[in-house]
Amino acid sequence: MKILVTGGAGYIGSHTVVELAQAGYEPVIVDNFSNSATSVLDGLRAILGHDVTCHRIDCGNAEALHQVFKAEGNIQGVIHFAAFKAVGESVQKPLAYFDNNVGSLLTLLEVMKDEGVTNLVFSSSCTVYGIPDQLPVTEATPTKPASSPYGRTKQMCEDIVHDTSGAADNTLHTILLRYFNPIGAHESARIGELPLGTPNNLVPFITQTAAGIREKLTIFGNDYDTPDGTNVRDYIHVVDLAKAHIAAVQRLLDRRASDIVETFNVGTGHGNSVLEVVKTFEEATGQKLNYSIGPRRVGDVPAIYADATKAAEVLGFKTTTSLRDSLASAWKWQLALGK
Ligand code: UDP
């Protein structure tokens, strides 16, 4: 059963490719390698013991996408990861984010329709909740204005999927997965997060600081209305997150979905502060981290974590990896990268 994975050479995409293959699917990667390295394909081969088909194309290129569907023949569904993902960068380059993230979804939906492919898992984000009034957030929590153009692209993409599904001639069945904060790496340390340049995200910044690549971590604010004053997030191990995609794909293929578009939070259901992450990293790895408190980062939501009940009850999805083990896996990956 072939599943097209756009952005399959990326961080979450590559881990999902592994889980798909190990669950008996045949993943087919589409990636333009704008924010990933071809060495990911070597890592996938090392883990799986065989090559994964990869088409180096841009998802916004309809003609090239058509050719992939035709060449592969029998694609049953698509997991659409391909997108820009840096909140801060999106504030600097909003048009690039709208063009790439919204544009590639529009192109993909057109091509899927033409090719008669009816199953889609879309990478959404907890950023669609904006600054929520209540915690934890459930899928029914009203979305608020996004705090960045990145978040807005995810809101727009969700709306596009809903409108497309509402059209009279619709054939599309979609599961929207709202990710919380993915961290860590595959236990083999053959694939993981590969930030280009200075990392924007907390955990790669922590591991690079511990490895001596960065001088120190700056914690963005400790004067928030949270238990220790630092931001609270729901950190989910990337392999757990990848597994949610397998459950979603299977649900779509089995036509078990109760609605033409279903939405699930994919998080652990627990919030951890930045300081807790730092302390847990130190305990898990024995590394002492150089850090200081700096000013707040524009666009940061004070606190957000998932109510993970719906994913558990409907998708049968539960996370199994602790924060400590997730951070240990990130460190193992950082050490492997250094070699
Ligand atoms: N963070 C930090 N220092 C950094 C990077 C991130 O204090 O160098 C904090 C950030 O303010 C947020 C949390 O770590 O509270 C997670 O940030 P990240 O960028 O990883 O994910 P986000 O939640 O913004 O998507």
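The values are calculated or read from the model by the stated rules, or taken from the named source; none is laboratory data. Small disclaimer: the values here were computed from a predicted structure and weren't measured. All Cβ positions, glycine included, derive from the backbone under ideal geometry; neighbour counts span all protein chains shown.
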### Message
When you scan segment 288-310, do you find a residue that is in a helix (DSSP H, G or I), away from the ligand (no atom under 11 Å from the Cβ) and buried (at least 22 other Cβ atoms within 10 Å of the Cβ), even just one?
### Response
no
### Query
Can you spot a residue in segment 269-280 that is free of Cβ contacts under 8 Å to residues at least 24 places away in the same chain, within 24 Å of the chain's Cα centre (by Cα), more than 30 Å from residue 27 (Cα to Cα) and not in a strand (DSSP E or B)?
no
### Some residue of segment 241-264 being buried (at least 22 other Cβ atoms within 10 Å of the Cβ), touching a residue at least 12 places away in the same chain (Cβ under 8 Å) and within 14 Å of the ligand (Cβ to nearest atom)
yes
### Task
Would you please name the residue that is modelled with the highest pLDDT, looking only at residues in segment 163-175 that are loosely packed, with under 14 Cβ neighbours inside 10 Å and assigned to a helix (DSSP H, G or I)?
163
### Task
For residue 193, state whether it is touching a Phe, Trp or Tyr at 6+ places or on another chain (Cβ under 9 Å) and in a loop (DSSP other than H, G, I, E, B).
yes
#### Entry: Whichever residue in segment 78-97 is in a helix (DSSP H, G or I) and modelled with pLDDT under 95 and, among such residues, is farthest from the ligand (Cβ to nearest atom)
92
### Task
Of all residues in segment 196-214, count the ones that are away from the ligand (no atom under 12 Å from the Cβ) and either in contact (Cβ under 8 Å) with a residue 24 or more places away in the chain or in contact with a Pro (Cβ under 7 Å, 6 or more places away or on another chain) (or both).
3
### Query
Taking segment 7-26 on its own, how many of its residues are under 17 Å from the mean Cα position of the chain (by Cα) and at negative phi?
13
### Message
Quick test of your reading of the structure: residue 21 fulfils all but one of (1) aliphatic (A, V, I, L, M); (2) part of a helix (DSSP H, G or I); (3) over 23 Å from residue 240 (Cβ atoms). Name the failing condition by number.
### Response
(3)
### Task
Would you check if residue 236 is within 16 Å of the chain's Cα centre (by Cα) and within 16 Å of the ligand (Cβ to nearest atom)?
yes
### Query
Is at least one residue of segment 186-195 surrounded by 23 or more Cβ atoms within 10 Å (Cβ to Cβ), more than 9 Å from the ligand (Cβ to nearest atom) and of a type in the set (Asp, Glu)?
yes
### Message
Can you find, within segment 220-231, the residue that is nearest to the chain's Cα centre (by Cα) among those that are within 11 Å of the ligand (Cβ to nearest atom) and surrounded by fewer than 21 Cβ atoms within 10 Å (Cβ to Cβ)?
### Response
220
